[in-house]
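J.: Attaching a single structure in structure tokens format; questions to follow.
The values are calculated or read from the model by the stated rules, or taken from the named source; none is laboratory data. Bear in mind the structure is a predicted one, so any value in this text is a computation, not a measurement. Cβ: placed from backbone, ideal geometry, glycine included. Neighbour counts: every protein chain shown.
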Ligand code: NDP
């Protein structure tokens, strides 16, 4: 057997790469990981974690208003952007340190440099050539810029976390997770915010009833949602940005952020030198065990273009480590992956949309409820919550749960366990509610609405 420097060389220390590296090392493999940018990848540095901290920050605007109905008086508080931005950055730096320890603890060699494959088993990293029996590409994804003239004046979510000044007027372009979440963040933190989406209704792929519901809620909070909106060009006039739409109308703002998807990071990795083939999208095709067409070169996470979600990349990393170095035969189950969108109010979802479920389950029963959360009986806020359960009419199995309301992600996580375990509607009904909560509605919906 050839003598390699490492058993496993991981490229990219994001959620998936770190998990695969540290678990493989814990199982006894000799592992190195290369990272050119920041430990923890997108999620920790410019994604899930700082985004959630900003969502908390944005929600205080409503909390202060809501407090009056509970007897609290006080002047309107002011918002200090540098405090939030810099406190967030300090927390991210703390997490970077934790990620380093997670890797070095079990003995992973951390190399902070760009890695490039030079052959099927060789990697150039920081001018040094190393060899590895197996290579794992976990290089993640990067924002895609839409092709309108002047797009170079726009920022992406990467820059939104480090703005020098907080803008008074913001235009967010896109209609996916990131656009909808950031529209809520900017609006909550005090910017006059417009969300521009090219289609009929944003959040394509999510349950239509939930999408319509959240559109109404977001508009009620003051976000100017512009649908069927096609940007022709973006011009900069000093500090102001003027967006011209295809219908000739214009919109002025202090900041334009585009959130129009993320593409796999495969450029300049030397994949061709190793013989690894790419799909047309730029993603790396892999089999069930994350093998590329070169069987000892694996890939996981956003770079394989399956589901661009941190917990999915982590599950893939666990699968690689367990199967290669711990004699396991794991598979990641991509059905029923729960997810949340941290717009305001949040969306939490597990299982197919009503539209998809109707195709799969001809006798589908839809249970649905929408109500004003108890807190707002005193706060006076008009915000509502919506919940949906989809039930297979033959087997009585609950196949999906969708929610838009406060803490939807927290609530749906628990329901996801029940759905993955195959719980029936009868079992949901037999479960005693926790009173008074919004979540109890999920066990008290008695009559199917459709
Ligand atoms: P998404 O793929 O979710 O959405 C992209 C959006 O941009 C869609 O609305 C799409 O419209 C629109 N779009 C695409 N191309 C263009 C274009 N040329 N011009 C105008 N609009 C365009 O990408 P995001 O950037 O929002 O997020 C990337 C990924 O990150 C997500 O898929 C998600 O998996 C992950 N993520 C997860 C989060 C979470 O778990 N809470 C949070 C943030 C990100 P259309 O629908 O018409 O194609």
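J.: Out of curiosity, is residue 440 loosely packed, with under 13 Cβ neighbours inside 10 Å and more than 22 Å from residue 203 (Cβ to Cβ)? Break it down into steps so the answer makes sense when it comes.
T.: Numbers: loosely packed, with under 13 Cβ neighbours inside 10 Å: no; more than 22 Å from residue 203 (Cβ to Cβ): yes.
Answer is no for this residue.
J.: Just a yes or no: is a residue in segment 372-390 surrounded by 24 or more Cβ atoms within 10 Å (Cβ to Cβ) and touching a residue at least 60 places away in the same chain (Cβ under 8 Å)?
T.: yes
J.: Select from segment 241-265 the residues that are surrounded by fewer than 20 Cβ atoms within 10 Å (Cβ to Cβ) and not in a strand (DSSP E or B) and list them in ascending order. Spell out how you get there, then give the answer.
T.: If we filter segment 241-265 for residues that are surrounded by fewer than 20 Cβ atoms within 10 Å (Cβ to Cβ), which is where we start, we get 242, 244-252, 254, 261, 263.
Of everything in segment 241-265, those that are surrounded by fewer than 20 Cβ atoms within 10 Å (Cβ to Cβ) and not in a strand (DSSP E or B) turn out to be 246, 247, 248, 249, 254, 261.
J.: So, in segment 213-240, of the ones that are part of a helix (DSSP H, G or I) and within 15 Å of the ligand (Cβ to nearest atom), which residue ends up surrounded by the fewest Cβ atoms within 10 Å (Cβ to Cβ)? Before you say what the answer is, go through the steps one by one.
T.: Within segment 213-240, the subset part of a helix (DSSP H, G or I) is 213-220.
Now drop any that are not within 15 Å of the ligand (Cβ to nearest atom), which leaves 214-215, 218.
Details: 214: 26, 215: 19, 218: 23.
It comes out as 215.
J.: Residues that are closer than 30 Å to residue 136 by Cα, touching a residue at least 40 places away in the same chain (Cβ under 8 Å) and away from the ligand (no atom under 16 Å from the Cβ): does segment 253-266 have at least one?
T.: So the first thing to find is which residues in segment 253-266 are closer than 30 Å to residue 136 by Cα, and the list is 259-266.
Next cut, touching a residue at least 40 places away in the same chain (Cβ under 8 Å) only: 259-266.
Within this subset, residues satisfying the condition of being away from the ligand (no atom under 16 Å from the Cβ) are 266.
Yes, the conditions are met somewhere in segment 253-266.
J.: Now, a different point. Could you check how many residues of segment 399-434 are touching a residue at least 40 places away in the same chain (Cβ under 8 Å) and either closer than 16 Å to residue 360 by Cβ or part of a helix (DSSP H, G or I) (or both)? Let's see the steps before the verdict.
T.: To start, the set of residues in segment 399-434 that are touching a residue at least 40 places away in the same chain (Cβ under 8 Å) comprises 399-413, 415-416, 419-420, 425.
Narrowing further to those that are either closer than 16 Å to residue 360 by Cβ or part of a helix (DSSP H, G or I) (or both): 399-402, 408-413, 415-416, 419-420, 425.
Going through segment 399-434 one residue at a time, the tally reaches 15.
J.: Of the residues 97, 69, 57, which is over 22 Å from residue 185 (Cα atoms), in contact with a helix residue (DSSP H, G or I) (Cβ under 7 Å, 6 or more places away or on another chain) and in a helix (DSSP H, G or I)? Steps first, please.
T.: On the way: 97 fails: in contact with a helix residue (DSSP H, G or I) (Cβ under 7 Å, 6 or more places away or on another chain); 57 fails: over 22 Å from residue 185 (Cα atoms).
Within the list 97, 69, 57, the selection yields 69.
J.: So residue 194 clears everything in (1) in a loop (DSSP other than H, G, I, E, B); (2) more than 22 Å from residue 355 (Cβ to Cβ) except one condition, right? Which one?
T.: All conditions are met except number (1).
J.: Only residues that are closer than 22 Å to residue 297 by Cα and out of contact with any helix residue (DSSP H, G or I) (no Cβ under 9 Å at 6 or more places or on another chain): list them for segment 133-145, please.
T.: Keep residues of segment 133-145 that are closer than 22 Å to residue 297 by Cα, which gives 133-142.
If the condition is that a residue be closer than 22 Å to residue 297 by Cα and out of contact with any helix residue (DSSP H, G or I) (no Cβ under 9 Å at 6 or more places or on another chain), then 133 is the only one that fits.
J.: Right, here's the next one. Residue 270 passes all but one of (1) crowded, with 22+ Cβ neighbours inside 10 Å; (2) away from the ligand (no atom under 16 Å from the Cβ); which number fails?
T.: The failed condition is (1).
Results for (1) within 13 Å of the ligand (Cβ to nearest atom); (2) surrounded by 18 or more Cβ atoms within 10 Å (Cβ to Cβ); (3) modelled with pLDDT of 95 or more, shown as yes or no for each residue.
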| residue | (1), (2), (3) |
| --- | --- |
| 275 | no, no, yes |
| 323 | no, no, yes |
| 332 | no, yes, yes |
| 350 | yes, yes, yes |
| 360 | no, no, yes |
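J.: Sort out which residues of segment 168-210 are more than 8 Å from the ligand (Cβ to nearest atom), out of contact with any strand residue (DSSP E or B) (no Cβ under 9 Å at 6 or more places or on another chain) and without any contact (Cβ under 8 Å) to a residue 60 or more places away in the chain, and write them in order of number.
T.: 200, 201
J.: Output the qualifying pairs, or none if there are none: Cβ atoms under 9 angstrom, residues six or more apart or on different chains, first residue in segment 340-358 and closer than 18 Å to residue 222 by Cβ, second residue within 13 Å of the ligand (Cβ to nearest atom) and assigned to a loop (DSSP other than H, G, I, E, B).
T.: Pairs that qualify, where the first residue is closer than 18 Å to residue 222 by Cβ and the partner is within 13 Å of the ligand (Cβ to nearest atom) and assigned to a loop (DSSP other than H, G, I, E, B), are 343/203.
J.: Could I ask something else about it? Looking at segment 415-427 only, could you name the residues that are surrounded by 14 or more Cβ atoms within 10 Å (Cβ to Cβ) and either out of contact with any strand residue (DSSP E or B) (no Cβ under 6 Å at 6 or more places or on another chain) or closer than 22 Å to residue 374 by Cα (or both)?
T.: Here is the first cut: in segment 415-427, the ones surrounded by 14 or more Cβ atoms within 10 Å (Cβ to Cβ) are 415-416, 418-420, 423-425, 427.
Those that are surrounded by 14 or more Cβ atoms within 10 Å (Cβ to Cβ) and either out of contact with any strand residue (DSSP E or B) (no Cβ under 6 Å at 6 or more places or on another chain) or closer than 22 Å to residue 374 by Cα (or both): 415, 418, 420, 427.
J.: I'm trying to understand the selection: among the residues of segment 284-315, which are within 16 Å of the ligand (Cβ to nearest atom) and more than 19 Å from residue 115 (Cβ to Cβ)?
T.: Step one: list which residues in segment 284-315 are within 16 Å of the ligand (Cβ to nearest atom), which gives 300-315.
If the condition is that a residue be within 16 Å of the ligand (Cβ to nearest atom) and more than 19 Å from residue 115 (Cβ to Cβ), then 305, 306, 307, 308, 309, 310, 311, 312, 314, 315 are the ones that fit.
J.: Looking only at segment 146-167, filter to residues that are within 24 Å of residue 299 (Cβ to Cβ) and out of contact with any strand residue (DSSP E or B) (no Cβ under 6 Å at 6 or more places or on another chain); which one of those is farthest from the ligand (Cβ to nearest atom)?
T.: The initial filter retains those residues of segment 146-167 that are within 24 Å of residue 299 (Cβ to Cβ), namely 156-158.
Still in the running and out of contact with any strand residue (DSSP E or B) (no Cβ under 6 Å at 6 or more places or on another chain): 157-158.
Working: 157: 7, 158: 11 Å.
Per the stated criteria, the residue is 158.
J.: Which of the following residues is in a loop (DSSP other than H, G, I, E, B), crowded, with 16+ Cβ neighbours inside 10 Å and at pLDDT 95 or above: 149, 106?
T.: On inspection, the qualifying residue turns out to be 106.
J.: List the residue pairs whose Cβ atoms are under 9 Å apart, where the first residue sits in segment 144-163 and is free of Cβ contacts under 8 Å to residues at least 24 places away in the same chain, the second is away from the ligand (no atom under 11 Å from the Cβ), and the two are 6 or more positions apart or on different chains.
T.: As it stands, the answer is 152/234, since those pairs meet every condition given.
J.: Okay, next question. Failed condition for residue 245, given (1) closer than 26 Å to residue 142 by Cα; (2) in contact with a helix residue (DSSP H, G or I) (Cβ under 6 Å, 6 or more places away or on another chain); (3) away from the ligand (no atom under 11 Å from the Cβ), with all others met?
T.: Among (1) closer than 26 Å to residue 142 by Cα; (2) in contact with a helix residue (DSSP H, G or I) (Cβ under 6 Å, 6 or more places away or on another chain); (3) away from the ligand (no atom under 11 Å from the Cβ), residue 245 violates only (2).
J.: Might you let me know whether segment 127-139 holds any residue that is within 16 Å of the ligand (Cβ to nearest atom) and either in contact (Cβ under 8 Å) with a residue 12 or more places away in the chain or not in a helix (DSSP H, G or I) (or both)?
T.: Applying the first criterion (within 16 Å of the ligand (Cβ to nearest atom)) to segment 127-139 yields 138-139.
Then keep just the ones that are either in contact (Cβ under 8 Å) with a residue 12 or more places away in the chain or not in a helix (DSSP H, G or I) (or both); that gives 138-139.
Yes, the conditions are met somewhere in segment 127-139.
J.: Oh, and also: Restricting attention to segment 24-37, does a residue exist that is buried (at least 24 other Cβ atoms within 10 Å of the Cβ) and closer than 16 Å to residue 157 by Cα?
T.: no
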